[in-house]
Structures are given as C-alpha cells and as structure tokens.
Amino acid sequence: MTSVPNRSGIRMHSANYGGDITLGFKRDLLGCIALGSGKFGGPGTSSQLMVTNSRNTMAKFEKEMGGEEFMLHIIGDFS
C-alpha cells in the first residue's frame, strides 16, 4: 500500500504502542502493523493498550516466511 501520509507504504515491524498521541498516548506506529504474542493494558485498566513480545514475534515471523513476499488482506473494520 502506498497511500500512507509521509510514508512510502505500510510496513510490518516490532513496536509496542499504537496509541493516539492527541489523547496523550505513546505511539511507535504510523500506519504500520506491529506483531506481538500478547497484549497488556487497555480499556478498564490504568495502562495504555500495548503489544507485548514484539521483537521476538517479528523475528519468528520473518524466519517462518523465509524472505518470501506475501499479500496481506485485512478484512473488516477494526477501529
């Protein structure tokens, strides 16, 4: 995809936070996708929602994919 403001496309990489900075949250992402093996915090807690174990999960994903290209289809509204 190439229609991400100030970016050449959507990437997948390790990250922990994807919050709205206008609401005072941390953000490691700007249109990208972070992989992780769990989550922490979020609604009903005193902590911002975050993805956990992102670096290890991304490394496992890259190893599993073996450098092969793929097409990711995101179906539905997850906002």
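Quick note: the coordinates plus some simple rules give every number you see, no bench work behind them. Quick caveat: nothing in here was measured; it's all calculated off a predicted structure. Cβ coordinates were reconstructed from backbone atoms using ideal geometry, including for glycine residues, and neighbour counts include every protein chain displayed.
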Binned at 5 Å starting from 0, the alpha-carbon pair-distance distribution of the chain in whole percents comes out as 3, 13, 18, 25, 22, 12, 5, 2, 0
Among chymotrypsin sites (Phe, Trp or Tyr not before Pro) in segment 8-79, those in a DSSP loop whose Cβ has at most 14 other Cβ atoms within 10 Å are Phe25, Phe70, Phe78
Over the chain, the sum of -39500 (n - 2.57) across DSSP H runs of at least four, divided by residue number and rounded to 500 deg cm²/dmol, gives at 222 nm -4500 deg cm²/dmol
In degrees, nearest 10, the alpha-carbon axis of helix 54-65 is tilted away from the dominant principal axis of the alpha carbons of the chain by 20
A chain fully extended from Lys26 to His73 at 0.36 nm per residue, minus the present Cα-Cα distance, gains in nm 14.2 nm
Arg55 and Met12 label points (each 7 Å along its Cα→Cβ direction) are spaced in nm at 2.0
